[in-house]
Amino acid sequence: MADAADAPVPSKPAFEGVQAVDDPAGKTYVGLTYDKLDVTAAIDRVRSPKAGAVVVFIGKPITTLEYTTYAPLALRSLSSIVATLKSANQSTLHALAVVHRLGIVPIGEDSVVIALSTSHRAEAWRIAEECLELVKDKVEIWKREWFVDGGIWRANRDGAKGEALAGGSSEEPVPPEVLEQADR
């Protein structure tokens, strides 16, 4: 049985508010925050009179997860993902916003929001799924899952594409330089 020393303890955030890359001309936005995610703001960023659909992915409520990253690197990766998706879907993707939560995410709060608008709903669902998979695969964000007997760091991807982790572990150590940056 774990004692109180094993419980998640919030570390000092590396920054306050939101660190973001906002490209109004390209209608893309990516952000990182230690604060509660603002889903309404993400939706407002992607609304378009040209859009036939707005899709939002916020995932399912969690017990306790903790996320860490080196923000400049993660923002660069997120920006690359949204630029790639905008380029590949330029005739139908009107706007795209991705914001990832950092630090300890309490029970019932969201850890990622992906909002986008497209001409048609089928395209919106497809692009939202592709965006989520790319974020999990490519963005340098690590998560610590907390259990009653302690926590374990993992890569943000927890299993095969679209599947939960079953059996084995996808544990990857968090590089020391990332942990040092996250503690600043």
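The values are calculated or read from the model by the stated rules, or taken from the named source; none is laboratory data. Just so we're clear, the structure is a prediction, and the values are computed from it rather than from any experiment. Quick reminder, even Gly has a Cβ in these numbers, built from the backbone with ideal geometry, and neighbours come from all protein chains shown.
Taking region 51-92 as the range and being among the polar types (S, T, N, Q), surrounded by fewer than 17 Cβ atoms within 10 Å (Cβ to Cβ) and under 17 Å from Leu37 (Cα atoms) as the test, the residues that pass are Thr63, Thr64. When the residues of region 29-76 are filtered to those that are closer than 19 Å to Ala88 by Cβ and within 15 Å of the chain's Cα centre (by Cα), which remaining residue is modelled with the lowest pLDDT? Residue satisfying both the conditions and the ranking: Phe57.
This table checks each residue for (1) of a type in the set (A, V, I, L, M); (2) in contact with a helix residue (DSSP H, G or I) (Cβ under 8 Å, 6 or more places away or on another chain).
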site	(1), (2)
Leu32	yes, yes
Gly52	no, yes
Ala74	yes, no
Thr92	no, yes
Leu96	yes, yes
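Being touching a helix residue (DSSP H, G or I) at 6+ places or on another chain (Cβ under 8 Å), over 19 Å from Lys138 (Cβ atoms) and buried (at least 17 other Cβ atoms within 10 Å of the Cβ) is a condition met by at least one residue of region 16-27.
The test for being among the small types (Gly, Ala, Ser), within 13 Å of the chain's Cα centre (by Cα) and either within 13 Å of Leu132 (Cα to Cα) or assigned to a helix (DSSP H, G or I) (or both) holds for Ser79.
Filtering region 126-155 to residues that are without any contact (Cβ under 8 Å) to a residue 40 or more places away in the chain and within 12 Å of the chain's Cα centre (by Cα) leaves Glu133, Lys136, Asp137.
It is to be established whether one or more residues within region 22-39 are on the phi < 0 side of the Ramachandran plot, assigned to a strand (DSSP E or B) and of a type in the set (S, T, N, Q). There is at least one residue in region 22-39 that is on the phi < 0 side of the Ramachandran plot, assigned to a strand (DSSP E or B) and of a type in the set (S, T, N, Q).
Selection of region 110-143 for residues being of a type in the set (D, E, K, R), within 18 Å of Lys36 (Cα to Cα) and touching a strand residue (DSSP E or B) at 6+ places or on another chain (Cβ under 6 Å) yields only Lys143.
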